[in-house]
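These notes concern the structure reproduced below.
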Amino acid sequence: MHLLTGLVILVIVYALLRVIFPGRRYLPGVIVGIAAATLLAFFPRDLFEMQFWAGAVGFVAILSALLVVMHPNPMVSVLFLILNLFCIALFFLMLQAQILAALQVIVYAGAIMVLFVFVVMLLNLRSEEGLRVGRGFGRWAAIALGALFAGMMFTAIRGRGVRPFFRPGAFLDGFGTARDLGDTLFRDYVFAFEAASVLLVAAMVGAVLLAKRRLQ
């Protein structure tokens, strides 16, 4: 896992270099590219391990999820959300649940995200201007909750077992198939499935009403 750790550090270094040298766009990329090539030369075997790709996809998923809530442009946030959903589909593929991966791409990264893009364009949302950090109780509560969440994540990562969280082929027969998914969805989670459908319709109607008020 030395290669994955090094690449994560390089991503952080690249972000810092972009902040330190805002006028030099190519310098951070050249430095990080040379360092990444050096890491690949020293640790080429890590590319053939499942843990490396699982960690890489997990890092991209976490980074894209953070950018969804931190980026001021709603359209860019939607694009990062699509990337996050694709990462989840890759996790399903690693678990050998091909039907779940296909549904993740078709339903969520496809149909649902088209709905999100339509709502954003309908409301004519733009980038936030003059974003200011809150003050008072809300600010300190956010800092405390953020520190608590970071501590929980650190404890969970540090206390995990030596073995990986999953092992392909270690599930029951039929896991991830269309029959298994339909049986679970329409027997155990039928209420949650229908509630989510009603929720999406209500959100769509609310977006149309908000856009109509702005036009008037």
Could you please tell me which pairs satisfy a Cβ distance under 6 Å, a separation of 6+ or placement on different chains, a first residue in segment 1-29 that is free of Cβ contacts under 8 Å to residues at least 12 places away in the same chain, and a second residue that is open to solvent by less than 50 Å² (accessible area, probe 1.4 Å)? 18/28
Answer yes or no: is there a residue in segment 37-59 that is of a type outside the set (A, V, I, L, M, F, W, C), surrounded by 14 or more Cβ atoms within 10 Å (Cβ to Cβ), at pLDDT below 80 and on the phi > 0 side of the Ramachandran plot. no
Tell me yes or no: at least one residue of segment 79-97 is farther than 30 Å from residue 179 by Cα and assigned to a helix (DSSP H, G or I). yes
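Matching residues to (1) farther than 22 Å from residue 211 by Cβ; (2) touching an Asp or Glu at 6+ places or on another chain (Cβ under 6 Å); (3) of a type in the set (Val, Ile, Thr):
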| residue | (1), (2), (3) |
| --- | --- |
| 58 | yes, no, no |
| 76 | no, no, yes |
| 93 | yes, no, no |
| 107 | yes, no, yes |
Please give the helices (runs of 4 or more DSSP H) falling wholly within segment 132-216 in which 3 or more residues are more than 26 Å from residue 103 (Cα to Cα) and modelled with pLDDT of 80 or more. 137-158
Return the residues of segment 3-36 that are modelled with pLDDT of 80 or more, surrounded by 14 or more Cβ atoms within 10 Å (Cβ to Cβ) and either hydroxyl-bearing (Ser, Thr, Tyr) or farther than 18 Å from residue 56 by Cα (or both); say none if nothing qualifies. 31
When you scan segment 58-75, do you find a residue that is of a type outside the set (A, V, I, L, M, F, W, C), part of a helix (DSSP H, G or I) and farther than 30 Å from residue 103 by Cα, even just one? no
With the structure loaded, tell me whether residue 107 is assigned to a helix (DSSP H, G or I) and either more than 10 Å from the chain's Cα centre (by Cα) or closer than 24 Å to residue 181 by Cβ (or both) or whether it fails that test. yes
Is it fair to say residue 208 is open to solvent by 90 Å² or more (accessible area, probe 1.4 Å) and under 30 Å from residue 122 (Cβ atoms)? no
Residue 62 passes all but one of (1) within 17 Å of residue 6 (Cβ to Cβ); (2) at pLDDT 85 or above; which number fails? (1)
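The values are calculated or read from the model by the stated rules, or taken from the named source; none is laboratory data. These numbers come from a predicted model, not from an experiment. We place every Cβ from the backbone using ideal geometry, glycine too, and count neighbours over all the protein chains shown. These accessible areas exclude ligands, DNA and RNA; they are computed on the full protein's heavy atoms, side chains included. Shrake-Rupley method; radii C 1.70, N 1.55, O 1.52, S 1.80 Å.
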